[in-house]
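Read the structure below first, then the notes.
The values are calculated or read from the model by the stated rules, or taken from the named source; none is laboratory data. Treat the numbers as computed from the prediction; the structure is a model and nothing was measured. Glycine gets a Cβ as well: all are built from the backbone with ideal geometry, and neighbour counts include every protein chain shown.
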Amino acid sequence: MTTQGRPEIRSGCFITVEGIDGAGKSSHVDALAAWLREQGHDVVLTREPGGTPLAESLRALFLEREMDALTEALLVFAARRDHLCRLIEPALARGATVLCDRFTDATFAYQGGGRGFDLDVLGMLEGWVQQGRQPDLTLWFDLPADEAARRRAAARPADRLERETLAFFDRVRQGYARRCVGAPGRFARIDANQPRERVWTAVRQAVANCAAIASAVDAARAAGPSPVPPQA
Ligand SMILES: Nc1ncnc2c1ncn2[C@@H]1O[C@H](COP(=O)(O)OP(=O)(O)O)[C@@H](O)[C@H]1O
Ligand SMILES: [Mg+2]
């Protein structure tokens with residue numbers, strides 16, 4: 001579609017899902033993607049670290065190898081840069097809705113809160129790598145560390161990060177809380193310490209309340225069907 005002969009600049013919505021391991025993020029992202037598609041969104045579902053072949057390779061290293069906090073931070077921001085350049089920014093530019101299981105708040109929560117790494121350095125890396133890009137909406141699944149540990153233990157073998165102590169996950173949770181206080185406009189705190197159906201209702205409510213998402217749906221309806229086929 002063009003406006004007075006110029007190509008229309010479209011920008012889709014960027015939604016991130018955050019919270020400590022075991023909080024219930026992955027249990028809801030597929031349903032959320034399906035629900036958004038029903039409303040006309042062209043959804044790209046992705047995750048961090050990862051989302052591109054290079055970033056997925058870095059994810060495998062990140063989750064398996066021992067390394068210090070600076071190496072962790074550089075590795076996740078390197079993966080994020082590739083993810084942004086190759087997948088997230090092109091998808092947003094064509095008007096798609098990007099739904100990402102974890103993003104930069106996780107770096108501030110895990111490396112900043114959990115490891116106690118310098119938040120100013122993380123802020124600098126965030127600026128370089130993202131060039132101002134921030135999510136329109138961040139769904140923070142908030143759950144006490146002990147309940148998250150119980151759910152993880154029942155669900156799966158622990159990876160390198162998931163083997164950390166309750167005190168570590170408590171600091172990570174506090175790290176998320178600080179990010180939430182710092183960006184109240186984009187954060188929606190979801191009380192994840194309740195039955196799954198109630199969490200799902202809270203998720204849909206938070207998405208429905210997000211003005212950026214509502215206006216993207218209106219724009220998509222006005223533009224008609226997308227020329228780009230939906231992602232598998
Ligand atoms: N509201 C809930 N109540 C009880 N268990 C849950 C709830 N949500 C998710 N779970 C379970 O908790 C475990 C961890 O959930 P998962 O979605 O993998 O968390 P995350 O992706 O945040 O690490 C899974 O076994 C999942 O079935
Ligand atoms: Mg998960």
Find all pairs meeting these conditions: Cβ atoms under 7 angstrom apart; at least six residues apart or on different chains; first residue within segment 189-214 and farther than 12 Å from HIS28 by Cβ; second residue of a type in the set (D, E, K, R) and modelled with pLDDT of 95 or more.
-> ARG189/ASP142; ASP191/ASP142; ASN193/GLU147; CYS210/ASP136; ALA212/ASP136; ILE213/ASP136
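Here's the yes/no breakdown for (1) crowded, with 17+ Cβ neighbours inside 10 Å; (2) in a helix (DSSP H, G or I); (3) out of contact with any strand residue (DSSP E or B) (no Cβ under 9 Å at 6 or more places or on another chain); (4) at pLDDT 95 or above:
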position	(1), (2), (3), (4)
ARG160	no, no, yes, no
ARG171	yes, yes, yes, yes
ARG178	no, yes, yes, yes
ARG198	no, yes, no, yes
ALA206	yes, yes, no, yes
Answer yes if at least one residue in segment 87-96 is within 15 Å of ligand 2 (Cβ to nearest atom) and modelled with pLDDT of 95 or more, and no otherwise.
-> no
Here is a list of conditions, (1) in a helix (DSSP H, G or I); (2) of a type in the set (A, V, I, L, M); (3) modelled with pLDDT of 95 or more, and LEU139 meets all of them except one; can you say which number that is?
-> (1)
Restricting to segment 12-48, what's the tally of residues that are within 13 Å of ligand 2 (Cβ to nearest atom) and either within 15 Å of ALA214 (Cβ to Cβ) or surrounded by fewer than 19 Cβ atoms within 10 Å (Cβ to Cβ) (or both)?
-> 3
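Please verify whether ARG102 is at pLDDT 95 or above and either surrounded by 16 or more Cβ atoms within 10 Å (Cβ to Cβ) or touching an Asp or Glu at 6+ places or on another chain (Cβ under 8 Å) (or both), treating the condition exactly as stated.
The answer is yes for ARG102.
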Among ASP136, ASP159, ASP170, ASP118, the single one that is free of Cβ contacts under 8 Å to residues at least 24 places away in the same chain and not aromatic (Phe, Trp, Tyr) is ASP118
What about ALA188, is it of a type in the set (Gly, Ala, Ser) and either surrounded by fewer than 17 Cβ atoms within 10 Å (Cβ to Cβ) or in a helix (DSSP H, G or I) (or both)?
-> no
Subset of segment 49-69 (residues that are in a helix (DSSP H, G or I), within 16 Å of ligand 1 (Cβ to nearest atom) and crowded, with 17+ Cβ neighbours inside 10 Å) = ARG59, PHE62
Taking segment 157-186 and keeping residues out of contact with any Gly (no Cβ under 9 Å at 6 or more places or on another chain) and either of a type in the set (Phe, Trp, Tyr) or within 16 Å of ligand 2 (Cβ to nearest atom) (or both) leaves PRO157, ALA158, ASP159, ARG160, ARG163
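Regarding VAL17, is this residue part of a strand (DSSP E or B), within 14 Å of the chain's Cα centre (by Cα) and modelled with pLDDT of 95 or more?
The answer is yes for VAL17.
Considering VAL121, VAL129, which residue is out of contact with any Lys or Arg (no Cβ under 8 Å at 6 or more places or on another chain) and either of a type in the set (A, V, I, L, M, F, W, C) or modelled with pLDDT under 95 (or both)? Write out each step before concluding.
Details: VAL129 fails: out of contact with any Lys or Arg (no Cβ under 8 Å at 6 or more places or on another chain).
Unique residue meeting the criteria: VAL121.
Specify which of the listed residues (LEU54, LEU84) is aliphatic (A, V, I, L, M) and either more than 15 Å from the chain's Cα centre (by Cα) or within 16 Å of ligand 2 (Cβ to nearest atom) (or both). Walk me through how you get there before you give the answer.
On the way: LEU84 fails: either more than 15 Å from the chain's Cα centre (by Cα) or within 16 Å of ligand 2 (Cβ to nearest atom) (or both).
Going through LEU54, LEU84 in turn, the sole match is LEU54.
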